[in-house]
Every structure is written in structure tokens, then in C-alpha cells.
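Some notes on the structure that comes next.
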Amino acid sequence: MDFTFTEEQEMLRKMARDFLAAECPRDTVRKLIKDEKGFTPELWAKMTELGWPGLIIPEQYGGVGGSFMDIVALVEEMGRGALVGPFFSSLVGTLAVLGMASDQQKADLLPKIASGKLVLTTAFSEPGVGYELDAIQCQATAAGDDWVINGTKLFVENAHLADLILVAAKTKHATKQEGLDLFLVDARSPNVTCSTIETISGDKQSKVIIKGLKLSEAKRLGEAHRGKERITRLLEMATVLKCAEMEGGAQQVLDMTVTYLKERVQFDKPIGTLAPLQHHAANMAVDLEGMKYITYLVAWKVNENLPFAKDVGMAKSWCSDAYRRICDLAHQCHGAIGFCEDHDLPLYSKRSKVSEFAFGDGQYQRRFVAKEIGL
């Protein structure tokens, strides 16, 4: 196994880092967090010019034809830059289309996504359900050749910016066939209501209520009643990308902490010469190295189409806890200045808390790992 990024991926990482530093610095991130929309069409247009929405989309549909590792490299930099907005949530929707849609659906949707004209998001979690697919209550009932959807979804990222919401719903047919499928729902339909959920990090998440929404068969992805396996794989891939985003953020937290320990002087010495703070920084580095190794390992397995389900649970459980520990130690190193809202550190520590629960926290993932090892 070689986890070294290719020359092209290193160029992508540098380009992304330079772009985010110039076009969306942390001061801008803080302003966007306070903004009602939390993003700007101008920034999306510039990201589209760079080909980011189409990075994973095959060239035949107007995309770049990049690999999963290319996406990992890009998302890692987005975590490092604390980028806000719909890129990640739309990327998960794009992966769903790539993995589940028919040829006709791909021909219709992917060129629009690659050109930045179509923004997606996904809706899995529900009240009292989390990411347990078997517990989903949102119902899609067959009505002739159509489907009628009713249900409530929680923590739908950037639903206010999305054109389409990919909704996971239980399917039930008059022939008694039952299962789970993913549906393409118009986010602006009068049968869809979105309300904002306040979060600690200020990211834009919504509660989505769907009442009596009628959809044609063409709005359902994949084979009827058989979407659970592919939705599970989609969630696993999204979890790997979340780990990469968290790892990028943790790297930035360590970098800013080391810089601060070198520059902050007390009693004529940099505070980084004090053994307790050196130990804090060393523990942060150890946790970060673990995040990198376990994330790159599972990302490589996804890229090589190898079995990776257990590795996803191990990676997310480690990254969720490690990112939080890294931020906690960073706050101890920075002292009071690290709690000022004008400082960059709170951007990351708040993001670490929200990311901890995205796609299942450490406790949830460890239960999954226990099952995978036969317990």
C-alpha cells in the first residue's frame, strides 16, 4: 500500500489551498456562518470554473473523470480551510447518482451537476432514527405508476440551497413488495417544507417535512425496493470523505497551535519550550497521524474497490474522537485567546463537534465494528 498522493493530486491540493486562502479566507468563513444563506453564488461559480462539482463525474457527462482519491485530496483541503457551503452535501448526492441512477438519469443529471447548475443534498436521518436504515419511517407508497411520499427528515445539509433532495424512503407496493429506495425530490416543491436547525458551528442544516408529494417512477433511483445495499455503500463512502475533511481540519489546528507555541513569549521564552505544552502538541500530532493513516487506508480500499465496511467504522470512530481531542488540547495551549470568536480555533473546535455526529459518532461506529468482528 502506498498512500502517497500522485503529482496531479498534490497539484490539486495546492491549487485548492491557494484558492480557499484567496477566495474564502477564515474571515470570510465567519461572515458566511452569520449569513442567512451561508454561501454565495459567486464562490460557487469560481469553484465550478475549477471543475470541482464535476471532479468525480466521468468525462462523457462533462466531468473531469477523477478518482475517489482525487476527491479525498480536495475534501481534505476544504476541511483545512473550514469551507462552508453545499459542496460536500452535493458531492454525496453526486455519488448517489453515480452509484444508483439509470443511464437515462445519469445523462440527465450529471452534466447539470458538472456545470454547477444543479446542486444536490441527501436526506437520511429522521427523528429518533439517526443513520439506522432499518428504522426509517419516511414512506413512499405506490399509487398507480407514481409514488406518494410522506415523512420527516432531520439534519439535511444545505437544503435551502439545493435544487434536489435525495430522500431515502421505505417503499410499499400494492403487491406487498417492501424495501428501501432513494427518490429525487424537488427542494422547492410546495409539498416540501424546510426549516432551519440551529447548530453549534453555524452550518446550514434543515428539518424537511414532505407531505403527500407525488413523484413519477423516473424520480426513483435503482431497482425498486432494493436500494438498501447501495444506500449503505453510499453512506460508507460519504463517511470516508467526512473523515478526510476532519483530518484536514485537524492538521490546520495542529499547525496553528505549533505556530502559536513558537511565537507566544512569556518570561522571555516561547511557551513552546514548556514541557507540558510540548506534550500537548505531541499528543495532538500522534492523534493526527492516526487519523491520516486510518483515513487513507480506507480511502485507498474504496478507490481499489476492495471490501471496506469495517474499516469505515474504525476510521470514523477514531477520527470523531481524535479530532475532538486535538481541538481540546489546542484550546489548552492557546489559553483564553483560543476562545475568542475572532480567533480561528473556535471555527475548527465547533466543526469538530458537528462532524463527530455526522454519519454516526464514535459510539455508533464502534457498535458497527463490534458486529463486523462477530460480537
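The values are calculated or read from the model by the stated rules, or taken from the named source; none is laboratory data. Because the structure is a prediction, the values reported are computed rather than measured. Virtual Cβ from ideal backbone geometry, glycine too; neighbours counted across all protein chains shown. With ligands, DNA and RNA removed, areas are computed over all heavy atoms of the protein, side chains included. Shrake-Rupley method; radii C 1.70, N 1.55, O 1.52, S 1.80 Å.
Figures for the structure shown
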quantity: Segment 265-375: translational diffusion in µm²/s, Stokes-Einstein, Kirkwood Rh over Cα pairs, 10 °C, 1.306 mPa s; calculated: 101
quantity: Charge-dipole axis of the chain as Lys and Arg at +1 and Asp and Glu at -1 on Cβ define it, positive-most pick from 359, 142, 166; calculated: 142
quantity: Flagged links, alpha-carbon separation over 31 Å, of 211/316; 46/310; 117/242; 153/350; 117/310; calculated: 211/316; 46/310; 117/310
quantity: Residue 205 long-range amide H proximity, modeled H, under 5 Å; calculated: 158, 197
quantity: Distant alpha-carbon pairs in segment 101-197 (separation over 21 angstrom), percent; calculated: 37
quantity: Solvent-accessible area of residue 87 with every protein chain in place, 1.4 Å probe, in Å² to the nearest 10; calculated: 10
quantity: Kirkwood hydrodynamic radius over Cα pairs of segment 1-159, then Stokes diffusion coefficient at 25 °C and 0.890 mPa s, in µm²/s; calculated: 140
quantity: Of 204/353; 37/204; 112/204, those spanning more than 19 Å from alpha-carbon to alpha-carbon; calculated: 112/204
quantity: Residues residue 339 and residue 273, FRET efficiency given R0 of 22 Å [Cβ-Cβ distance, rounded to 0.05]; calculated: 0.40
quantity: Carbon/sulfur fraction of accessible area - segment 1-110, other protein chains in place, 1.4 Å, %; calculated: 51
quantity: Potential lengthening between residue 143 and residue 289 on full extension [0.36 nm per residue; Cα-Cα distance subtracted]; calculated: 47.3 nm
quantity: Additional length obtainable on full extension of the chain from residue 216 to residue 200, 0.36 nm per residue less Cα span; calculated: 2.0 nm
quantity: Computed E for residue 310/residue 3 - FRET, C-beta separation, R0 22 angstrom, nearest 0.05; calculated: 0.75
quantity: Mean projected area (nm²) of the alpha-carbon convex hull when segment 14-64 is viewed from all directions; calculated: 4.1
quantity: Assigned charges on the beta-carbon of Lys, Arg, Asp, Glu; segment 1-92 dipole about Cα centre (debye); calculated: 480
quantity: Most positive-pole-ward Cα, 114, 78, 68, against dipole of segment 1-118 from beta carbon charges; calculated: 78
quantity: Considering only the chain, percent of DSSP beta bridges that pair antiparallel, nearest 5; calculated: 80
quantity: Cβ crowding within 10 Å averaged over residues, with 241-247, 152-158, 305-311, 219-225 ranked highest first; calculated: 241-247, 152-158, 219-225, 305-311
quantity: Solvent accessible area, Å² - residue 324, 1.4 Å probe, full protein context; calculated: 70
quantity: Spatial separation of Cα centroids for segment 78-136 and segment 267-300, in angstrom; calculated: 33
quantity: Unit charges on C-beta of K, R, D, E only; dipole of the chain, Debye; calculated: 900
quantity: Rounded to the nearest 20 debye, dipole of segment 218-375 from Cβ charges on Lys, Arg, Asp, Glu; calculated: 760
quantity: Cα-based shape type of segment 191-291, given that a ≥ b ≥ c are square roots of the gyration tensor eigenvalues and the cut on a/c is 1.5; calculated: prolate
quantity: Cα-derived Rg over Rh, computed across the chain with Rh taken as Kirkwood radius; calculated: 0.98
